[in-house]
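In what follows, a single structure is set out as structure tokens and then discussed.
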Amino acid sequence: MDTLRIDKDTRLLVLTGAGVSAESGIPTFRGGNGLWENHPVEQVASPEGFREDPSLVWRFYSQRRAGAAPCQPNPGHRAMAEWERKLGDRFLLATQNVDGLHRVAGNQQLVELHGNLFTTRCSRCTREPFEDRLAYPDGTVPLCGQCGGKLRPHIVWFGEVLDERNLLRVGEFLAREDTRLVFLAVGTSGAVYPAAGFVQAARELGGETWLVNADPADNTLLFQHFVRGRSGEVLPALVTID
Ligand code: BV8
Ligand code: ZN
């Protein structure tokens, strides 16, 4: 198997998707054919879906909270935490996952591009998003204690823009000139933007590009290296850090 060597003059940007949490027992999007109870995920994970049927959306997220709560990081998550410990500020992890397992594994230089499953905010007032691990009973739409508005998961839905600060952090790490860039994508089908566009940006900046995935992704051809396999098995041995 190819190995990815990171020397003293190199920085590493990692992008992860649902595939890295599959071995922790969290279903992927592709695995379910993009469907949840026959609803296209884009439908329940969208502002339109919430406007039309907020209790359906809360049932979707409550089920995912209940499903994800007992799950633990796998060797793939732990390998990325180890890389951060060794590389310090020459490491950044951007995830599309909302399960929070990277933080549990110990990563702190972490950008949760699409939000967090166990955080809630108000859809009306500007109160701070807050930790909320509750799985609400079917049909319940929790209301805000401050303004009475509907509460919603603090998650980036389809059709909603990502937090500018998160995109800026990734953009600044990509554009640094003090070291050589390596971009590694893991467990992602490369179907959802803007995350799926990071590899193109890395290439344009002369970065070396790697993909670790169980199957070919929609953008496999944009990567110089494709290691086919399960991230929990591949990642621990993939990277050597000088
Ligand atoms: C936005 C939170 C401004 C919700 C998510 C450009 C072109 C085309 C479309 C667009 C575009 N720009 C914007 C869009 C629209 C849209 C988009 O990309 N649509 C797609 C479907 C075409 N993007 C947006 O709406 C974004 N907002 O751009 O705002 C705007 C708005 C409108 C129009 C223009 C601009 C917001 C996107 C974020 C949406 N929220 N998640 C929730 O989780 O509930 S996205 C969600 O789906 C995930 O976070 C993730 O991003 C994506 C799923 O992809 P993956 O994580 O890759 O998972 P998947 O199951 O697909 O693949 C898993 C892979 O792992 C597989 O390949 C499998 O082989 C592999 N695997 C499995 N097991 C393992 C493994 N690999 C290794 N080891 C294993 N064990
Ligand atoms: Zn409120």
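Full extension of the chain segment joining PHE130 with HIS39 gains 30.0 nm, where the gain is 0.36 nm per residue of separation less the Cα-Cα distance.
As a size descriptor, the averaged projected area of the C-alpha convex hull of region 1-82 was calculated at 7.8 nm². Unpaired Cys in the chain, meaning no second Cys C-beta under 4.7 Å: CYS71. Label-to-label distance, GLU164 versus LYS86, with points set 7 angstrom from Cα along the beta-carbon direction: 3.8 nm.
The listed residues CYS125, CYS144 rank as CYS125, CYS144 when sorted by accessible area, largest first, using a 1.4 Å probe. For region 160-218, applying the loop criterion from DSSP together with a ceiling of 10 other beta carbons within 10 Å to the GluC sites (Glu not before Pro) yields GLU177. Please name which of LEU221, LEU92, GLY139 has its Cα lying farthest along the dipole of the chain towards the positive end, using unit charges on Cβ (Lys, Arg +1; Asp, Glu -1) and the Cα centre as origin. Farthest along the dipole direction, towards plus: GLY139. For the chain, the solvent-accessible area of protein heavy atoms averages 48 Å² per residue (probe radius 1.4 Å; ligands and nucleic acids excluded). Of the accessible area of region 139-207, computed with a 1.4 Å probe over protein heavy atoms only, carbon and sulfur atoms account for 54 percent. Largest GNM mean-square fluctuation among THR188, THR119, THR95, using the chain with Cα springs under 10 Å: THR119. Rg then Dmax, both in Å and based on the Cα atoms of region 121-242: 19.3, 55. Multiplying each eigenvalue of the alpha-carbon gyration tensor of the chain by 5 and taking the square root yields semi-axes of 32, 18, 17 Å, largest first, rounded to whole angstroms.
The values are calculated or read from the model by the stated rules, or taken from the named source; none is laboratory data. Being a predicted model, the structure only gives us computed values, none of them experimental. Cβ atoms come from the backbone with ideal geometry, glycine included; neighbour counts cover every protein chain shown. Accessible surface is based on the protein model in full, side chains and every heavy atom, while ligands, DNA and RNA are left aside. Shrake-Rupley method; radii C 1.70, N 1.55, O 1.52, S 1.80 Å.
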